[in-house]
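As structure tokens, the structure follows; a few thoughts come after it.
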Amino acid sequence: MLHKSRPKGVKILTLIIRAGVVIPKLYTTLHSVACIRMTNIGDSIYPQLFLMNAKRMRMVDLYSPTQLVQVVNAVDVQKQLNALFTSLFFTRSVMFESRDIILDTIDDPNIPIAAFCSPMVGSKVSRDEGYESKTIRPGYMKPKSSIDPNKLAVRPAGVSPEQYNAFGARNIKVKQAIVNQAKAIRARIEWFAVQAITTGKNIIEGDGIERYELDWNIKPQNIITQSGGTEWSGKDKETFDPNDDIESYAEFSEGVTNIIIMGGNVWKKYRSFRAIKEALDTRRGSNSELETALKDLGDSVSFKGYMGDVAIVVYSGRYTDEDGTEKHFLDPDLMVLGNTALQGIVAYGGIQDPELIRMGLTKAELAPKNYIVPGDPAIEYVQTHSAPQPIPARINRFVTVRIG
């Protein structure tokens, strides 16, 4: 047994060496620590004492939910996702402590007080068994990631190799995991938002609930498919003006249209007409709040100009589906007529994790936690809980057209 006299404020690490097995015993520390660095020379092991800052040698701390939320807030997840529909039409949020979202308790006359809920059998909706409800149960999300010490983390720019120790690498892995989970949840919200506006419905599923359809009661005439010779693909590029069709579509809206969002295929057809090339205003000053907001959303959102007082925007944002397939949030063949004054809400059901609830976290948009499952070896995890559901405002002021 090797002992070392203990200077003031120094921890002693005792090594018991038996038959080649090294068993460390740690004693209480004050400000610094004396530790053993093992050096292999042939078959011999020579302990060498050296002092090291206690902060670098302390046991790894677990991050609190508050600290993890601060990490997510420091990264503009919404901007990285280019989440156009959420950024334009669902800018507000409300949080419930209950598992369910109670629509008629939301103090906003533009928000529906009820929705039609229908159970699903496989992919089929049983509308005969559906019912009008003021209470809806959102899908519950809880993505989880393990912090694998064997995986390499990329050293950030500006951090020297000397500064980039194992503790720093772990911090980066935790940050990457929690940000990726926040992106996955925000992507799901954007998907819900697009589906609510373009179909008037959401399919809800998740742990603890049976799959069902949530119908926001959009009028059938607000969902249009070009057919029977009305398709733009068959029109003369020199003489036809697609704006005439758009004016007709806008009449189905219960409000004024000030923005048209097009999928990539729609824009290609729209701009191919001579009338559009001559009339589209692309040189107006870029000082409006709308244009500034669109530019902040990145290269998946492209502001093309104005047709009269209506902004023309192309949306090519994508997400990765559960099967690993990359898909568009907005179908490339769809065109949406809307108004940026329509401010829907993203409602969040209460947090259901007992550990987070014991910490006092009963309602939140994102409720992350960092924990370790004991074992040999122990496994560290980061997990985020969330139960989001976008609720559209004045759904019948939107018109969606599938362009042929």
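The values are calculated or read from the model by the stated rules, or taken from the named source; none is laboratory data. No experiment lies behind these values; they were computed from the predicted model shown. Positions of Cβ are generated from backbone atoms using ideal geometry, with glycine treated the same way; all protein chains shown enter the neighbour counts.
Looking at (1) closer than 30 Å to residue 117 by Cβ; (2) surrounded by 15 or more Cβ atoms within 10 Å (Cβ to Cβ), which one does residue 303 not meet, given that it meets all the others?
(1)
Being modelled with pLDDT under 95, among the polar types (S, T, N, Q) and more than 18 Å from residue 183 (Cβ to Cβ), is that true of even one residue in the range 323-338?
No, the conditions are met nowhere in the range 323-338.
Take residue 310 and tell me if it is at negative phi, surrounded by fewer than 22 Cβ atoms within 10 Å (Cβ to Cβ), assigned by TED's automatic domain parsing to the domain that holds residue 64 and over 23 Å from the mean Cα position of the chain (by Cα).
yes
Is it the case that residue 217 is loosely packed, with under 15 Cβ neighbours inside 10 Å, within 26 Å of residue 315 (Cα to Cα) and either of a type in the set (S, T, N, Q) or out of contact with any His (no Cβ under 9 Å at 6 or more places or on another chain) (or both)?
Working: loosely packed, with under 15 Cβ neighbours inside 10 Å: yes; within 26 Å of residue 315 (Cα to Cα): yes; either of a type in the set (S, T, N, Q) or out of contact with any His (no Cβ under 9 Å at 6 or more places or on another chain) (or both): yes.
Judged against the criteria, residue 217 is a match.
Please return the ranges of strands (runs of 3 or more DSSP E) entirely within the range 155-258 where 2 or more residues are acidic (Asp, Glu).
Numbers: elements: 201-206, 209-215, 223-225.
Where strands (runs of 3 or more DSSP E) fall fully within the range 155-258 and carry at least 2 residues being acidic (Asp, Glu), they are 209-215.
Against the definition (at pLDDT 85 or above, out of contact with any strand residue (DSSP E or B) (no Cβ under 8 Å at 6 or more places or on another chain) and more than 23 Å from residue 387 (Cβ to Cβ)), how does residue 109 come out, yes or no?
Working: at pLDDT 85 or above: yes; out of contact with any strand residue (DSSP E or B) (no Cβ under 8 Å at 6 or more places or on another chain): yes; more than 23 Å from residue 387 (Cβ to Cβ): yes.
In short, yes.
Identify the single condition in (1) surrounded by fewer than 18 Cβ atoms within 10 Å (Cβ to Cβ); (2) out of contact with any Phe, Trp or Tyr (no Cβ under 6 Å at 6 or more places or on another chain) that residue 119 does not satisfy, given that it satisfies every other one.
So the condition that residue 119 fails would be (2).
What are the residues in the range 335-366 that are of a type in the set (A, V, I, L, M, F, W, C), out of contact with any strand residue (DSSP E or B) (no Cβ under 6 Å at 6 or more places or on another chain) and either closer than 30 Å to residue 248 by Cα or in a strand (DSSP E or B) (or both), if any?
341, 342 - these are the residues of the range 335-366 that are of a type in the set (A, V, I, L, M, F, W, C), out of contact with any strand residue (DSSP E or B) (no Cβ under 6 Å at 6 or more places or on another chain) and either closer than 30 Å to residue 248 by Cα or in a strand (DSSP E or B) (or both).
Listed here are the residues, each with its yes/no results for (1) within 20 Å of residue 102 (Cα to Cα); (2) surrounded by fewer than 20 Cβ atoms within 10 Å (Cβ to Cβ); (3) small (Gly, Ala, Ser); (4) outside the structural domain of residue 98 (by TED's automatic domain parsing).
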{"site": "314", "(1), (2), (3), (4)": "no, no, no, no"}
{"site": "318", "(1), (2), (3), (4)": "no, yes, no, no"}
{"site": "329", "(1), (2), (3), (4)": "no, no, no, no"}
{"site": "344", "(1), (2), (3), (4)": "yes, no, yes, no"}
{"site": "351", "(1), (2), (3), (4)": "yes, no, no, no"}
{"site": "393", "(1), (2), (3), (4)": "yes, no, yes, no"}
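Mind listing just one residue for me: the one in the range 257-290 that is among the charged types (D, E, K, R) and at pLDDT below 90 and, of those, nearest to the chain's Cα centre (by Cα)?
Narrowing the range 257-290 to residues among the charged types (D, E, K, R): 268-269, 271, 274, 277-278, 281, 283-284, 289.
This time we only want the ones that are at pLDDT below 90, so: 281, 283-284, 289.
Working: 281: 34, 283: 34, 284: 33, 289: 23 Å.
If we take residues in the range 257-290 being among the charged types (D, E, K, R) and at pLDDT below 90, then 289 is nearest to the chain's Cα centre (by Cα).
Taking the conditions exactly as written (modelled with pLDDT of 95 or more, surrounded by 19 or more Cβ atoms within 10 Å (Cβ to Cβ) and in contact with a His (Cβ under 8 Å, 6 or more places away or on another chain)), does residue 200 satisfy them or not?
Values: modelled with pLDDT of 95 or more: yes; surrounded by 19 or more Cβ atoms within 10 Å (Cβ to Cβ): yes; in contact with a His (Cβ under 8 Å, 6 or more places away or on another chain): no.
Here the answer is no, as residue 200 does not meet what is asked.
Checking residue 208 against (1) free of Cβ contacts under 8 Å to residues at least 40 places away in the same chain; (2) surrounded by fewer than 17 Cβ atoms within 10 Å (Cβ to Cβ), only one condition comes out false. Which one?
(1)
Results for (1) within 30 Å of residue 389 (Cβ to Cβ); (2) under 18 Å from the mean Cα position of the chain (by Cα); (3) not charged (D, E, K, R), shown as yes or no for each residue.
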| position | (1), (2), (3) |
| --- | --- |
| 143 | yes, yes, yes |
| 181 | yes, yes, yes |
| 190 | yes, yes, no |
| 226 | no, no, yes |
